[in-house]
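What follows is a short report on a single structure.
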Amino acid sequence: MTADPAARPETGPTRWSRRRFLGTAASGLVAAGLAACSLDQSTGPDENHPAATAASWAGTLVDPPLAKPTVTFTDMNGKPFPFRERTKGQLTLLFFGYTSCPDVCPVTLKLLANALDSLATGPGSEAQVLFVGVDVARDTPAKLKEYLGSFNPTFLGLTGTEEVIGQANREMKMAPIVIEAPDKDGNYVVGHGSQVFAFTEDDVAHRIYPGDQVRQEQWVHDLPLLAKGTYR
Amino acid sequence: MTPRPRIPILVIAVLATITVAGCGSSDTRADAAGTSISIEYPMVDQPANPDVTAVRMVVHNPTDRADTLLSVSSPIARVAAIHRSEVDSAGRSTMVEQKDLPIAARSDVYFEPSGLHVMLTGLDRKLALGDEVPLTLTFRRAGKIGVMATVVAPGTVPETDHDR
């Protein structure tokens, strides 16, 4: 069959459709971020962000802003990580997920990693990405280190007891984490909020981003502004 | 502002040898008069967690008959499960296994980031970019279809301008 996709002629029976492939997320979330091949002038929500350089803010403005979690996590080296103390005054992107997640989590982290690569050493590149591994049985500190290191060496993983993670999850006003029963193969699905919370230097989050739905250029647009302490 | 064509890195990776007029026309199927189901653009995300990854592809059914995707398997994975990423009523991201996935007549079913994917678990080897992963898809009518999927950077690698 299609052993070598790169060799497929452009006129092959299934032309890759950018819009179909990335824009029709089954998640039910607005696919605003996932703009398409714009040549077809689609009338989707993409029209707000038609160009490769995002012109306006992504994510959702939250007013009043969200405070940081009050908990002390455990970091990738097994050391305590008092969240507020360790992130004080710093542009911080907080995301809850699990390392056995094949789709939404790696997609979100890769988007962030690519955006930071794109920012290089410029404003916004100092954003600290913090990933909370909510699947405490599998998201060990060592696993988090290996996992996050594959995206960006600056990404930090956090874990903790179910109580600590549950409290942080509540404080971020997300629905409770659901760890489903294992199937016959021992695999299990974890339901978790996949928002990215952007904490600015005032130590609150004015903006929340739908992790896997944000385009790289939207991060590249927003992060330097967030780094200045602006959010609207 | 004139929209500029964009194309994601992953598509560039896949279409590397193709002149990138890729976005230049709409999603036509003018020559879709095929006689059997085919699997287009099979890709496997390079695993961040070495135990798990996702397969992306398009199941192309040019025929007038609906079919059903019963299962997927790979010799490199202990388990291959067809999943769809969804957001539940409480706003949580979750995944729902798709048993007996319908493939409508004259349709393309997209296995896409944040949507349908084949979750591979229990991988027996490390996967590097460009590696080829054998997959077998079993359809109720079309039977078994073998395909080689290429390892690519994870998921929705964001788009970039192909002309910059």
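Each value in this text was obtained by applying a stated rule to the coordinates, not by laboratory testing. The structure presented is a predicted model; accordingly, all values stated were derived computationally and were not measured. In this analysis, Cβ positions are derived from the backbone assuming ideal geometry, glycine residues included, and neighbour counts consider all displayed protein chains.
One table, with the values for the structure above:
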read-out	value
Around A:Gln195: net Lys/Arg minus Asp/Glu count, Cβ-Cβ under 11 Å	+2
Shape category assigned to the range B:89-135 from the gyration tensor of Cα positions, a/c cut at 1.5	oblate
The range B:72-139 and the range A:122-168: distance between their alpha carbon centers, rounded to Å	25
Under Karplus coefficients 6.51, -1.76 and 1.60, residue-wise ³J(HN,Hα) of the range A:216-232 in Hz, glycine/proline x	3, 5, 6, 4, 5, 6, 7, 4, x, 6, 4, 5, 7, x, 8, 8, 8
J(HN,Hα) series, the range B:70-77, from Karplus relation 6.51 cos²θ - 1.76 cosθ + 1.60, nearest Hz, glycine and proline x	8, 6, 10, 9, 8, x, 8, 10
Residues B:Met57, B:Met43, B:Met148, sorted so that the one with the fewest Cβ neighbours within 10 Å comes first	B:Met148, B:Met43, B:Met57
Computed E for A:Ala67/A:Lys184 - FRET, C-beta separation, R0 45 angstrom, nearest 0.05	0.60
For the range A:199-207, Karplus couplings with θ = phi - 60° (6.51, -1.76, 1.60), whole Hz, Gly/Pro x	8, 8, 5, 7, 6, 10, 9, 8, 10
The range A:179-201 residues near the modelled A:Lys173 label - backbone nitrogen below 20 Å, point 7 Å along Cα→Cβ	A:192-201
Calculated FRET value between B:Asp64 and A:Glu201, using beta carbons and R₀ = 45 Å, to 0.05	0.15
Cβ-based exposure ranking for A:Lys145, A:Lys68, B:Lys144, in which fewest neighbours within 10 Å come first	B:Lys144, A:Lys145, A:Lys68
